[in-house]
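Have a look at the structure below, then the notes.
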Amino acid sequence: MGPTTATAINSRRWLVVLFGMVLALLGIFATATPALADEDDPYRISGNVQLDGEPLEGVVLIVDGPGGEQEVETDENGQWRVGVPERGETYVVTLDEDTLPEGIAVVEEGVENPNVKEVEMGQGGRVTVNFFIGEGERNVTSFFDQFMQRLVQGISFGLMLALAAIGLTLVYGTTGISNFAHGEMVTFGAIAAYFLVAPATLALPWWLGYPAAVILSAALGLVLDMILWRPLRRRRVGVVQLMIVSIGLSLALRYTFQLFIGGGTLQLPPLGGESIPLFGAVQMTVTDIASLAISIVVIVAFALWLTRSRIGKATRAISDNPSLASASGIDVDAVVRVVWIVAGALAGLAGILYAYYRPGIKWDMGAQILLLMFAAVVLGGLGTAYGALVGALIVGVLVEVSSLWIPADLKYASALFILIVILLFRPQGILGRRERIG
């Protein structure tokens, strides 16, 4: 290896490290949500926490729903309030019993979890949630049980994230494009599913509407390649220019979605919200179990397609050396077209699953996890499909488990911080190999 080659490899490694650091810094600012009530939010949830008529100060309450999770403490009068962005939506208010005085617990006869209440923001824009506190035996979940619950949730989230990240790395491996519009392809899948199955629209059964939404997402990938990416490839546009085009496409699609569905949150029809005990204290809803199973089946099917089918092998060959693959008789344009179709389908499926995980559909939902997708791709190895799977699992587990120690607002930033640490010691990623996809 000559000095010029060594310099180029070192430059490439530091470029990857720098890229990961930029992603992490963007993630810290992009994923953080305010912990206190936002005065700009038009609607408000408030309440009191009292013990035998006396206010309790410093009790932590967590409000989760459209707009993200917020944490607030009661003041000296035992009062609290948070601003929320949506009306006509359901919010879950959880009182953290660990912040109550010793020997005190939330008690409500006949209620299994009295410290958790669901409320719906009505047309008036104001909801009050009060907690009745009394002396009683506290139900404490051990740290191990909490860890196992978060671990299972992290694996489920990681597999869902892997569906989107694999499509992203497929495109990068075969075309060299860092597609910043991939998040909007995820959003498109969720929006297509909503218009196909929601009672207010076509109201198709889910077993017909969701596959149709995945097909529409695959068609979106094909259309984008035909009208945009293939003409740019034939003109030999540089990768930096292609990246800038993808950023512009991302913004255009994102605000087009907002034009059609507005700034509110849409909900897909519920498929099963009851929790099923798995082992120990770990529970999952029917929807979560179905999401986990679907992700595993699709990822296994994709792995078989990539390693055993002719098109899958051709995809790997193009990733290794496009010129040599073309000289060997492989139709590069046709294979890249298939890659865009597969990437669109996987992104659409990920969007449907993410709409149940959030829960809800928003015009910018794909952009919210775009940095996590890039983190998974870079962490596992640029252009490596199996690396994207490993990276997504690591990111998903870190995002969920880290919330045991850090505020939920910063849980996405924890995964991006680990990305920086790993890239400092292994710039090519965990399974990274130069210009390799599988």
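See the values below:
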{"item": "All positions within region 301-330 that are loosely packed, with under 14 Cβ neighbours inside 10 Å, in contact (Cβ under 8 Å) with a residue 60 or more places away in the chain and within 23 Å of L393 (Cβ to Cβ)", "result": "T307"}
{"item": "Cβ pairs under 9 Å, 6+ apart, first in region 411-428 and over 13 Å from I394 (Cα atoms), second basic (K, R) and at pLDDT below 80", "result": "L423/R13; P427/R12; P427/R13; Q428/R12; Q428/R13; Q428/R434"}
{"item": "Single match in L410, L379, L416, L404 (criterion: farther than 21 Å from G176 by Cβ, buried (at least 23 other Cβ atoms within 10 Å of the Cβ) and more than 13 Å from the chain's Cα centre (by Cα))", "result": "L416"}
{"item": "Of all residues making up region 62-98, the number that are farther than 19 Å from G360 by Cα, touching a Gly at 6+ places or on another chain (Cβ under 9 Å), assigned to a strand (DSSP E or B) and without any contact (Cβ under 8 Å) to a residue 40 or more places away in the chain", "result": "3"}
{"item": "So G189, is it within 11 Å of G344 (Cβ to Cβ) and buried (at least 23 other Cβ atoms within 10 Å of the Cβ)", "result": "yes"}
{"item": "Within region 40-88, considering residues that are among the small types (G, A, S) and surrounded by fewer than 15 Cβ atoms within 10 Å (Cβ to Cβ), the one farthest from the chain's Cα centre (by Cα)", "result": "G53"}
{"item": "Scope region 227-278; condition hydrophobic (A, V, I, L, M, F, W, C) and free of Cβ contacts under 8 Å to residues at least 60 places away in the same chain; matching residues", "result": "I227, L228, L232, V237, V240, I244, V245, L251, A252, L259, I276"}
{"item": "In region 331-357, residue surrounded by the most Cβ atoms within 10 Å (Cβ to Cβ) [restricted to those that are within 21 Å of S250 (Cα to Cα) and not aliphatic (A, V, I, L, M)]", "result": "G348"}
{"item": "Out of S217, S142, sole residue that is crowded, with 23+ Cβ neighbours inside 10 Å, of a type in the set (S, T, Y) and under 27 Å from T285 (Cβ atoms)", "result": "S217"}
{"item": "Residue match in region 89-105 (condition: assigned by TED's automatic domain parsing to the domain that holds G58, at pLDDT below 75 and loosely packed, with under 12 Cβ neighbours inside 10 Å)", "result": "yes"}
{"item": "L202, sole failed condition from (1) surrounded by fewer than 19 Cβ atoms within 10 Å (Cβ to Cβ); (2) at pLDDT 95 or above; (3) of a type in the set (A, V, I, L, M)", "result": "(2)"}
{"item": "Residues that are in a helix (DSSP H, G or I) and of a type in the set (S, T, N, Q), drawn from region 370-409", "result": "S402, S403"}
{"item": "Qualifying position, being over 30 Å from F143 (Cα atoms) and either surrounded by 19 or more Cβ atoms within 10 Å (Cβ to Cβ) or not assigned by TED's automatic domain parsing to the domain that holds A388 (or both), among V237, V298, V245", "result": "V298"}
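The values are calculated or read from the model by the stated rules, or taken from the named source; none is laboratory data. Only a predicted model underlies this, so the values are computations on that prediction, with no experimental measurement involved. Glycine gets a Cβ as well: all are built from the backbone with ideal geometry, and neighbour counts include every protein chain shown.
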